[in-house]
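Q: Below you'll find the structure I mean.
Readers should treat all values here as calculations from the given coordinates under stated rules, not as data from a laboratory. Predicted, not measured: the structure shown is a model, and the values here were computed from it. Cβ placement follows ideal geometry from the backbone for every residue including glycine, while neighbour counts extend to all protein chains displayed.
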Amino acid sequence: MKQFVASLLSVCVLAFCVPVLALAQSGPLRIEITEGVVEPLPYAVPDFVAESASAQQLAQQIARVVADDLTGTGLFREVPREAHISQITSFGSPVQFADWKAINAQALVTGAVSEQGGRVVVKFRVWDVFAGAELGQGMQFAGTPDGWRRMAHKVADQVYSRITGESGYFDSRVVFVSESGPKDQRAKRLAVMDYDGANVQYLTGSSALVLAPRFSEDGQRVLYTSYETGMPRVHVLEVGTVQSRILQGQDGVMSFAPRFAPDGRTVVYSLTQGSNTDIWAMDIASGGTRQLTSAPSIETAPSYSPDGSQIVFESDRSGTQQLYVMSAGGGEAKRISFGQGRYSTPVWSPRGDMIAFTKQNAGRFHIGVMRTDGSEERLLTASFLDEGPTWAPNGRVIMFARETQGAQGSSSLYTVDISGRNLKRVRTPEGASDPSWGPLQ
Amino acid sequence: MRLTAKLTLLMAVLAVSACTNANRFDNDAVDLNAATGSAGGIVPGSASDPSSPAYFQQTVGDRVLFAVDQSTLNPQARATLDGQVQWLMTNADYTAVIEGHADEQGTRAYNLALGARRANAVMEYLVAQGVPSNRLRFVSYGKERPIEICSEEACYAKNRRAVTIISAGLTS
């Protein structure tokens, strides 16, 4: 993990393309995500140019990951390489726009890779083919060879962001529970992976049951629930060193469902005392705790608003699970879910404008989103068991776990756009559940 | 464990068969009859020994079941728990952990809290009937530890449970 952080040594703008910037950004090449894209934008990513002999393979691999990222959003459609007329043989040569227009590639990504002494440099440019101009500025990323996927994701994030006007989410990681074994003997361990399922790294063993890991805002720490002591308790793990420790100050029978406050200093979680489960907050450094709800019902699954001022949580105080919002200091809570069925696992979007949730109704599970006041509810999925949404760092995509029905049932991770389109399975080596999407790196 | 050590070979065989039956938890007279019949007497530590955890599990009944989303003890559950109380009062050396469970229909955190409600309902009942609370504790596994794996009510009904696990004696 450390080498990952260290591998991205430098990011710099190729200064010599500045003059085209203003022109390109006012050009027509733009996807407005909020309007709902029906027709994906056609683009081309020829193999990047290998500027040193040893970079040949990387130059191809990086271009493929860039294409996988972009096409995977459902917003872009790649014009296959077999259709390309021009070949990009030199990063500095002028682009033959007519050749790319002829195959209706509206955007073109060109790049070059060099490798020398264990240092890889990736350069790229994005072209608005029909405007005949560069979109934004050329950039380069440098790192170690084993960080090549991250560099590819960074290129794709730039392309995505220049064309959509939104920040990307490709250079991000997801912490989750990796699952193996049958339903009645399931082994679970924490793992972290790239957003696309690559580079899986296990963070714990499976000797103790572990549940629901949650990234800190900066992606450096993970809160999770572990039965290591025989009772469910909140633990915190440093991702860089893979060292974990139990949080102090956990009274009561059991504690679970932790989540960081945006400042990373406070943890909000559920604590069970007797038959009653309430929401508490803990100062990580001092272990000092404060009770935020006090009702005889089940209060759990708390999640902070991105400004840290409010907490959304689930409670069955009305008789069934519903969503409520309260001040981060506790006190009066306002119910926001009023539709049919039961609502749970609310998560505030990183933009602050929406809340994603799990909904159970008429024997089916759904992942949905609503405004923070509960209006404009929209269900994005439906299945036997969908659960536990987590937001992409740009608030446009949601990842969740889907468990299949029956004795052979197993859990996998899926992503879906907040429009409800582009439902896709994330490939993981084993079963997977409880994803938590970390920040854009 | 200390009781297991006393077993002879024959008794060990009986214990194995008891375990197999316990896993299926159709815990009625058949097992008991088979054990007492073939052994021809009470075997310490086996299911035929009324002071053994195996007897508690199979004959007294170690678990109670719950309706969907409920933690209320029905008359059948209370009858089972009355038996547990009697056993725990008689065998005062033992402690117990009550494990609360939920079926898979529900989200993870909620099911943890629901399992706690169920386990606590059992614990409160046992304490109210006289079992010292310092011999009891509970934990919830939510939907993490199903014993039946089909996705039908027949399985769900058995997974919505609170199981009293007899553990190491206070004095051992």
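Q: Using +1 at the C-beta of Lys and Arg and -1 at the C-beta of Asp and Glu, which of A:GLN250, A:ALA382, A:GLY240 has the Cα lying farthest in the positive direction of the dipole of the protein assembly as shown?
A: Towards the positive end, the residue furthest out is A:GLN250.
Q: Going out from 0 in 10 Å bins, what whole percent of all Cα-Cα distances in the stretch A:114-272 drops into each bin?
A: 10, 29, 27, 18, 12, 4, 0
Q: Could you tell me which residue out of A:SER216, A:GLY308, A:SER318 lies farthest along the dipole of the stretch A:216-339 toward its positive end? Charges go on the beta carbon: Lys and Arg +1, Asp and Glu -1, centred on the Cα centre.
A: Among A:SER216, A:GLY308, A:SER318, the one farthest towards the positive end of the dipole of the stretch A:216-339 is A:SER318.
Q: Each residue of the stretch A:234-243 in order: what ³J(HN,Hα) in whole Hz does its phi give by Karplus 6.51 cos²θ - 1.76 cosθ + 1.60, θ = phi - 60°, with x for Gly and Pro?
A: Once rounded to whole Hz, the list reads 7, 10, 10, 10, 7, 5, x, 9, 6, 9.
Q: Here's another thing I want to ask about it. Give me, ordered by chain and number, the residues 5 or more places off A:GLN321 or on other chains with an amide H under 5 Å from its own placed amide H.
A: Residues meeting the amide H criterion: A:TYR343.
Q: Mind listing the phi-derived Karplus ³J(HN,Hα) values for the stretch B:80-94, rounded to whole Hz, using 6.51, -1.76 and 1.60 with θ = phi - 60°, and x for any glycine or proline?
A: Residue by residue, the stretch B:80-94 yields 4, 5, 4, x, 5, 4, 4, 5, 5, 6, 6, 9, 6, 7, 8 Hz.
Q: OK, next. How much net charge surrounds A:ASP434 when only the other residues with a Cβ under 15 Å from the Cβ of A:ASP434 are counted, with Lys and Arg +1 and Asp and Glu -1? Display every interim value, and only then the final one.
A: Numbers: positive: A:ARG173, A:ARG186, A:LYS188, A:ARG189, A:ARG214, A:ARG259, A:ARG402, B:ARG108, B:LYS143; negative: A:GLU179, A:ASP386, A:GLU387, A:GLU403, A:GLU430, B:GLU104, B:GLU144.
Summing Lys/Arg as +1 and Asp/Glu as -1 gives +2.
Q: First obtain the Kirkwood hydrodynamic radius of the protein assembly as shown from its Cα pairs, then insert it into the Stokes-Einstein equation at 10 °C and 1.306 mPa s, and state the resulting D in µm² per second as a whole number. All intermediate terms of the calculation are to be shown ahead of the outcome.
A: Values: Rh = 26.8 Å.
Estimated via Stokes-Einstein, D reaches 59 µm²/s.
Q: Mind checking which of A:ALA281, A:ALA102, A:ALA356 has the largest fluctuation in a GNM of chain A, springs on alpha carbons under 10 Å?
A: It is A:ALA102.
Q: Calculate one ³J(HN,Hα) per residue across the stretch A:98-109 by plugging θ = phi - 60° into the Karplus curve 6.51 cos²θ - 1.76 cosθ + 1.60, and present them in order as whole Hz with x for glycine and proline.
A: Residue by residue, the stretch A:98-109 yields 4, 5, 7, 4, 4, 9, 6, 7, 7, 10, 9, 10 Hz.
Q: So what's the gap between the Cα centers of the stretch A:161-200 and the stretch A:279-326, to the nearest angstrom?
A: Cα centroid to Cα centroid, the span is 26 Å.
Q: What is the distance in Å between the Cα centres of the stretch A:403-431 and the stretch B:144-159?
A: Distance between centres, Cα-based: 22 Å.
Q: Counting other C-beta atoms within 10 Å, which of A:TYR343, B:TYR141 has the fewest, and how do the rest follow?
A: B:TYR141, A:TYR343
Q: Also, quick follow-up: Please report, largest first and rounded to whole Å, the three semi-axes of the ellipsoid equivalent to the stretch A:172-440, where each semi-axis is the square root of five times an eigenvalue of the C-alpha gyration tensor. Provide the component values of the computation, followed by the final result.
A: Values: eigenvalues 116, 108, 67 Å².
The answer is 24, 23, 18 Å, longest axis first.
Q: Where does chain A land at 222 nm, in deg cm²/dmol rounded to the nearest 500, when only DSSP H runs of n ≥ 4 count, each adding -39500 (n - 2.57), divided by all residues? Write down the numbers at each step before the final one.
A: Numbers: 5 runs with 51 residues, N = 441.
Only helices count here, giving -3500 deg cm²/dmol.
Q: Kirkwood Rh, Cα Rg: Rg to Rh for the stretch B:62-172?
A: Numbers: Rg = 13.8 Å, Rh = 13.9 Å.
My calculation of the ratio gives 0.99.
Q: What's the angle, to the nearest 10 degrees (0 to 90), between helix A:56-72's Cα axis and the longest principal axis of chain A?
A: 60
Q: Just need the relative contact order of the stretch A:333-441 here, percent rounded to a whole number, with Cα pairs under 8 Å and 6+ apart. Can you show the working numbers first?
A: Values: 254 pairs, mean separation 20.3, N = 109.
Relative contact order here is 19 percent.
Q: With contacts defined as alpha carbon pairs under 8 Å and 6 or more residues apart, what's the relative contact order of chain A in percent? The partial results should precede the final answer.
A: Details: 1132 pairs, mean separation 48.1, N = 441.
Taking the mean separation of contacting Cα pairs over the length of chain A, I get 11 percent.
Q: Continuing with this model, one more query. Other chains near B:140-153: what is the mean number of their Cβ atoms within 10 Å of each residue's Cβ? Spell out each step's value before the answer.
A: Values: counts 7, 3, 4, 3, 7, 5, 5, 2, 3, 9, 6, 10, 3, 0.
Neighbouring Cβ atoms belonging to other protein chains average 5 per residue here.
Q: Oh, and also: Sort out for me the Cα centre separation of the stretch A:46-80 from the stretch B:73-120, rounded to whole Å.
A: One Cα centre to the other: 57 Å.
Q: Hey, can you grab everything whose amide H is under 5 Å from the amide H of A:ALA407? Only 5+ residues off in sequence or another chain; H modelled, so Pro and N-termini drop out.
A: Correct list: B:SER151.
Q: Test of understanding: in a Gaussian network model of chain A with alpha carbons linked when under 10 Å, which of A:SER344, A:SER86, A:SER327 would top the mean-square fluctuation ranking?
A: Fluctuation is largest for A:SER86.
Q: Helix A:148-164 versus the longest principal axis of chain A: what is the Cα-based angle in degrees, 0 to 90, to the nearest 10?
A: 90
Q: What residues have an amide H closer than 5 Å to that of B:SER140, excluding those fewer than 5 places away on the same chain, when H is modeled at 1.01 Å from N in the peptide plane?
A: B:GLY100
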